[in-house]
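**Student:** Quick one: structure below, then a few questions.
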């Protein structure tokens, strides 16, 4: 599989703040690749630089063989970019927005006639084509924004947290569209703070404070979890957090709903496990070893700043 996006030793600073440090990535043609991480991880800076919206100061970036520093017009002709706040025109209808962006990208009349039915088909917006953009729901606005981004049939699609603030049903529908586009051969780079969305990508890179902590198939990313994890069922999990932090040599304690996830450097012997349960200041219904999830892994890597080998 050929590489269509390459980033080598990319760095970016805003004054004294180091936003990205030594980032190196290669994204394959036809891949749905996720940048995963919290605000301030460097995701938006990386994407905006790839899109030629920020100057490339350190390192090298290429898209489909074009250099970010040199080939700005060529890159923009093959690229679709959807920022966190896509600027739809609220007083234009769905169809008027699509036609406006088609004209903006220089799409011919014949191509517009072909593309509009295709975009309506996968976005399911045709029944609302005469509705003003300001009257759309959050999820429908995101679908329209994506359709406007796709109007000129880009080879590469870069989406910056496209489902933030969108309801769960619309999020699921949006990702179904992305997977369909991927299956049609579009290369997609998407950022998200949602760990469940990471599982929908071909590969993901965990970013934190401008660095990649792990890069892998999301189904394999948990191999980077550095400890042994236990799930603790208790009526009041928050009351047991200080107990595990102070009374036992645990590596981390996190609340997951009505459970605790507690990690140790190594598996506990049966006698030690029994002692931990019996000496707890609050009732422990069950404590069992479990496989770490993707969120467990990311939180552990953030805490330890481990940079495992892919």
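The values are calculated or read from the model by the stated rules, or taken from the named source; none is laboratory data. Bear in mind the structure is a predicted one, so any value in this text is a computation, not a measurement. We place every Cβ from the backbone using ideal geometry, glycine too, and count neighbours over all the protein chains shown.
**Student:** Among the numbered conditions (1) in contact with a strand residue (DSSP E or B) (Cβ under 9 Å, 6 or more places away or on another chain); (2) within 29 Å of residue 214 (Cα to Cα), tell me where residue 94 comes up short.
**Tutor:** Every condition holds for residue 94 apart from (2).
**Student:** To continue, here is another question. Hey, among the residues in the stretch 54-77 that are at pLDDT below 95 and closer than 25 Å to residue 174 by Cα, which one's farthest from the chain's Cα centre (by Cα)?
**Tutor:** Step by step, filter the stretch 54-77, then rank; the result is 77.
**Student:** Test residue 204 against the criterion of being within 23 Å of residue 4 (Cα to Cα) and in a strand (DSSP E or B), and give yes or no.
**Tutor:** yes
**Student:** Related question: Do we have residue 133 as surrounded by fewer than 21 Cβ atoms within 10 Å (Cβ to Cβ) and either touching a strand residue (DSSP E or B) at 6+ places or on another chain (Cβ under 8 Å) or at positive phi (or both) here?
**Tutor:** yes
**Student:** Listed residues 201, 148; which is crowded, with 19+ Cβ neighbours inside 10 Å and over 14 Å from the mean Cα position of the chain (by Cα)?
**Tutor:** 148
**Student:** From the list 139, 185, 165, which residue is more than 30 Å from residue 2 (Cα to Cα) and not in a helix (DSSP H, G or I)?
**Tutor:** Result: 165 is the single residue among 139, 185, 165 that is more than 30 Å from residue 2 (Cα to Cα) and not in a helix (DSSP H, G or I).
**Student:** Taking the options 235, 267, 281, 242, name whichever one is touching a helix residue (DSSP H, G or I) at 6+ places or on another chain (Cβ under 8 Å) and either modelled with pLDDT under 95 or surrounded by 15 or more Cβ atoms within 10 Å (Cβ to Cβ) (or both).
**Tutor:** The unique qualifying residue is 281.
**Student:** Moving on to the next point. For the stretch 134-148, what are the residues that are under 20 Å from residue 80 (Cα atoms) and without any contact (Cβ under 8 Å) to a residue 60 or more places away in the chain?
**Tutor:** Selection gives 139, 140, 141, 142, 143, 144, 147.
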